Amino acid sequence: MADLSDTDKKTMFGENYKELELQAQIASGITDRMKSAQESAAKMDGMAKAAMFFGVVSILIMVANYFATSFPYNQNLQLLAAGTLVVSVVVNLFASNKAKAILSAGA
C-alpha cells in the first residue's frame with residue numbers, strides 16, 4: 001500500500017497530522033518497532049515457504065528419477081535433488097525460527 005506524501009497529509013488532515021498519527025498509533029498499541037518486526041517476520045515466513053516449495057519439488061524429482069520409465073536412472077540427479085532437499089529443510093528451519101525470534105523480540 002502506498003503512503004501519502006507530507007503535503008498530501010497536510011492537505012487532508014491539517015497541519016497537526018503528525019500529532020494525530022502519533023495519537024492513533026498510541027491508541028492502537030502498535031509501535032513502529034512492532035510494525036518493523038512484523039514485516040521482517042513476514043519476509044522470513046516467505047523464505048520458509050519458498051524453501052518448503054523447493055523441498056517438495058526436490059522430493060518429486062527424486063521420486064520421478066527413481067521410478068523413471070522414459071529415461072534411465074541418473075545418480076547425479078538423485079544426489080543433487082537430495083542436496084537441495086537438505087538445504088531447503090535447513091533454510092526452512094532457520095527462517096521459521098528467525099521469524100519466531102523476531103516476533104518475540106519485537107512484541
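The values are calculated or read from the model by the stated rules, or taken from the named source; none is laboratory data. This is a predicted model, so every value here is computed, not measured. Every residue, glycine as well, gets a Cβ built from its backbone with ideal geometry; the counts of neighbours run over all protein chains shown. Calculation scope for accessible area: heavy atoms of the full protein, side chains included, ligands and nucleic acids excluded. Shrake-Rupley method; radii C 1.70, N 1.55, O 1.52, S 1.80 Å.
Restricting to region 26-44, name every residue that is open to solvent by less than 70 Å² (accessible area, probe 1.4 Å) and of a type outside the set (Gly, Ala, Ser).
Within region 26-44, Ile30, Thr31, Met34, Met44 qualify.
Could you grab me the full set of residues in region 1-28 that are among the hydroxyl-bearing types (Ser, Thr, Tyr) and more than 22 Å from Glu39 (Cα to Cα)?
Thr7, Thr11, Tyr17
Restricted to region 72-107, and to residues that are in a helix (DSSP H, G or I), in contact with a helix residue (DSSP H, G or I) (Cβ under 8 Å, 6 or more places away or on another chain) and of a type in the set (Ser, Thr, Tyr), which residue is least open to solvent (accessible area, probe 1.4 Å)?
Ser88
With respect to Ala64, is the statement that it is open to solvent by 50 Å² or more (accessible area, probe 1.4 Å) and closer than 28 Å to Ala41 by Cβ true?
No.
For Ser58, indicate whether it is surrounded by fewer than 16 Cβ atoms within 10 Å (Cβ to Cβ), assigned to a helix (DSSP H, G or I) and among the polar types (S, T, N, Q).
No.
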